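The values are calculated or read from the model by the stated rules, or taken from the named source; none is laboratory data. All values derive from a computational prediction rather than experimental measurement. Positions of Cβ are backbone-derived with ideal geometry, glycine not excepted, and every protein chain shown enters the neighbour counts. Note: accessible area is taken over every heavy atom of the protein model, side chains too, but ligands, DNA and RNA are not part of it. Shrake-Rupley method; radii C 1.70, N 1.55, O 1.52, S 1.80 Å.
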Amino acid sequence: MADLISTRRGMIFYSSDEHAFKYKQLANPQDHPAILRYFVDWEWYFLGQGNDRNQWLVSAAEESIEFILLELLQMGNSKPIIVDTDIAPEFLKSIADNRQIVYLYAEDELIRRDYFNRDHVRGMLDLFPTLSDPERAKRETLDGIIANTRKSLQQARQQHVPYYIRNARTTKEEMLTKIEAHFGLA
């Protein structure tokens, strides 16, 4: 949605997922242990005993906030910027007005159906067959995504920040219309 809106409206599109490697280059061990954590291998990442992958990803996202904000500030204000990132509602609400925030969620069934069709994660489907238990890796990955989504949705509700939930019947145009109206772009 952010990419689509930026293209339609002539805005700058910023996706923190696309800058993760850059954050790693800027990180230091004292302040960014999750970003710099040693990566064992894909077998461990997806199937390792006692694997804390979901918490690791959440911690890395939290540590990335300072890099995201610095980059956005350096981009200036010559043109509107639309940001696609995963910053906790409580923190985001402390630095931005609700008119500048919207969270997008998908129902569990939609996540299970469509998650691996997203460009930046599609490679996982090629990786899973190389693991000792491909179905478990896929299932646990989706379960983790759903758990993190539910947690974020709960936080958005508690912080009273705007959000929309997509389901299988929601069209791209319907969601786009809602978001543009929220940002006063309609």
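Out of the residues in segment 137-159 that are over 21 Å from M1 (Cβ atoms) and touching a residue at least 60 places away in the same chain (Cβ under 8 Å), which is most open to solvent (accessible area, probe 1.4 Å)? The extreme case among them is Q158. Condition check: among the hydroxyl-bearing types (S, T, Y) and more than 18 Å from the chain's Cα centre (by Cα). Does Y103 satisfy that? Spelling it out, it is not the case that Y103 is among the hydroxyl-bearing types (S, T, Y) and more than 18 Å from the chain's Cα centre (by Cα). Flag set for W42, criterion: hydrophobic (A, V, I, L, M, F, W, C), out of contact with any Asp or Glu (no Cβ under 9 Å at 6 or more places or on another chain) and open to solvent by 80 Å² or more (accessible area, probe 1.4 Å). Scanning segment 56-99 for residues that are assigned to a strand (DSSP E or B) and either among the aliphatic types (A, V, I, L, M) or open to solvent by less than 50 Å² (accessible area, probe 1.4 Å) (or both) turns up I81, I82, V83. Residues that are in a loop (DSSP other than H, G, I, E, B) and open to solvent by less than 90 Å² (accessible area, probe 1.4 Å) were ranked within segment 175-186; the one that is farthest from D3 (Cα to Cα) is G184. Being of a type in the set (K, R), open to solvent by 60 Å² or more (accessible area, probe 1.4 Å) and within 17 Å of Y45 (Cα to Cα) is a condition met by no residue of segment 102-116. Among the residues of segment 133-166, those that are in contact with a Pro (Cβ under 8 Å, 6 or more places away or on another chain) and within 26 Å of D52 (Cα to Cα) comprise S152, Q155, A156, Q158. Please enumerate the residues belonging to segment 5-18 that are in a helix (DSSP H, G or I) and out of contact with any helix residue (DSSP H, G or I) (no Cβ under 7 Å at 6 or more places or on another chain). Of everything in segment 5-18, those that are in a helix (DSSP H, G or I) and out of contact with any helix residue (DSSP H, G or I) (no Cβ under 7 Å at 6 or more places or on another chain) turn out to be S6, T7, R8, R9, E18.
In segment 160-174, of all residues being farther than 14 Å from Y115 by Cβ and touching a strand residue (DSSP E or B) at 6+ places or on another chain (Cβ under 6 Å), the one that is surrounded by the most Cβ atoms within 10 Å (Cβ to Cβ) corresponds to Y163. Taking segment 117-130 as the range and being open to solvent by 60 Å² or more (accessible area, probe 1.4 Å) and over 14 Å from the mean Cα position of the chain (by Cα) as the test, the residues that pass are N117, R122, L125, D126, P129, T130. Pairs are defined by a Cβ separation below 6 Å, a sequence spacing of at least 6 or placement on different chains, a first member in segment 54-80 that is of a type in the set (D, E, K, R), and a second member that is modelled with pLDDT of 90 or more; the pairs so defined are E63/H32; E63/A34; E63/I35; K79/I12. Selection of segment 131-156 for residues being farther than 14 Å from V121 by Cβ, assigned to a helix (DSSP H, G or I) and more than 18 Å from the chain's Cα centre (by Cα) yields P134, E135, R136, R139.
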